[in-house]
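Data first, discussion second: the structure below is written as structure tokens.
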Amino acid sequence: MGSTALRSPPPRSLDPYRSTTEQDPPMTHSPERPPRVIKRYSSLAPAPWANGAGSTVELVSFDESRRLTPRLPRWRLSVAALERCAPFSPLIGLHRSFMPIGGDVELAVDGEQFAVPDGVIHRFEGAQHVGLAHLPHPCNAMNLMSEGSLPVLIASRDRALITVSLAGDDPVIGVSLHEGPSMERFDLLLL
């Protein structure tokens, strides 16, 4: 993208908008209560984007988030299929977390380029001008949109699970990043 220098998102370790890196602890589950699949990704229909640059599968809607986390502002969790570069839709009043899965990408945020490696979360405000600036090959992305600064999206060190964490509490839900004996990739899990 010309001579614009790429920047990695700055780490903000005490801020809910911090960038998540390999320093986060692995997510573990007790054998007494293994994660339970509450929604199969493969059973959900993708919604194509109006601009033709991809599609979205909604795992948790704003209304469903009220039932899962009634004390928190509403939030939405989805998996996007990124097919080509395009601007993101503005979502004024929402906090956004974006994590590419299966490829490194570059985002343009208010005219500034950010390299976002596979498995790293980049946070931004819905009112900002954001677009996918570089996509070497099609991949997926996990998206969390929330009306408040919580919940936050957290990637595990072993990159087997993405969780939604609430105000420092243990995660309530997760998304499988790999297939396993009882779950498929991108299944929604109750932790």
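For every residue, the table says whether it meets (1) in contact (Cβ under 8 Å) with a residue 40 or more places away in the chain; (2) within 16 Å of I173 (Cα to Cα).
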residue: P73; (1), (2): yes, yes
residue: I92; (1), (2): no, no
residue: I101; (1), (2): yes, no
residue: Q113; (1), (2): yes, no
residue: E125; (1), (2): no, no
residue: N140; (1), (2): yes, no
residue: S149; (1), (2): yes, no
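When segment 140-152 is filtered for residues that are within 13 Å of the chain's Cα centre (by Cα) and more than 9 Å from F98 (Cβ to Cβ), the ones remaining, listed by number, are N140, M145, S146, P151, V152.
Limited to segment 140-191, what total is found for residues that are open to solvent by 10 Å² or more (accessible area, probe 1.4 Å), at pLDDT 90 or above and not in a loop (DSSP other than H, G, I, E, B)? Result for segment 140-191: 3.
Exactly one residue out of L132, L77 is in contact (Cβ under 8 Å) with a residue 12 or more places away in the chain and within 24 Å of T163 (Cβ to Cβ): that is L77.
Of the conditions (1) open to solvent by less than 20 Å² (accessible area, probe 1.4 Å); (2) at pLDDT 95 or above, A81 clears all except one; give me its number. Status for A81: all satisfied but (1).
If we scan segment 60-76, do we find a residue that is buried (at least 16 other Cβ atoms within 10 Å of the Cβ), farther than 27 Å from L190 by Cβ and small (G, A, S)? So far as segment 60-76 goes, no, none of its residues is buried (at least 16 other Cβ atoms within 10 Å of the Cβ), farther than 27 Å from L190 by Cβ and small (G, A, S). Of all the criteria given as (1) in a loop (DSSP other than H, G, I, E, B); (2) closer than 24 Å to L161 by Cα; (3) touching a His at 6+ places or on another chain (Cβ under 9 Å), the one not satisfied by L72 is (3).
Looking across segment 90-118, the residues that are touching a strand residue (DSSP E or B) at 6+ places or on another chain (Cβ under 6 Å) and of a type in the set (G, A, S) come down to S97, G102, G103, A108, A115.
Among residues of segment 30-71 being touching a Leu at 6+ places or on another chain (Cβ under 8 Å) and β-branched (V, I, T), the one that is farthest from E83 (Cα to Cα) is T69.
Within segment 103-127, can you find the residues that are within 14 Å of C85 (Cα to Cα), open to solvent by 20 Å² or more (accessible area, probe 1.4 Å) and in a loop (DSSP other than H, G, I, E, B)? Once the filter is applied, which keeps residues that are within 14 Å of C85 (Cα to Cα), open to solvent by 20 Å² or more (accessible area, probe 1.4 Å) and in a loop (DSSP other than H, G, I, E, B), segment 103-127 yields only D104.
The values are calculated or read from the model by the stated rules, or taken from the named source; none is laboratory data. Please read all numbers here as calculations on a predicted model, not as lab measurements. Note that we place each Cβ from the backbone using ideal geometry, even for glycine, and neighbour counts take in every protein chain shown. Accessible surface is based on the protein model in full, side chains and every heavy atom, while ligands, DNA and RNA are left aside. Shrake-Rupley method; radii C 1.70, N 1.55, O 1.52, S 1.80 Å.
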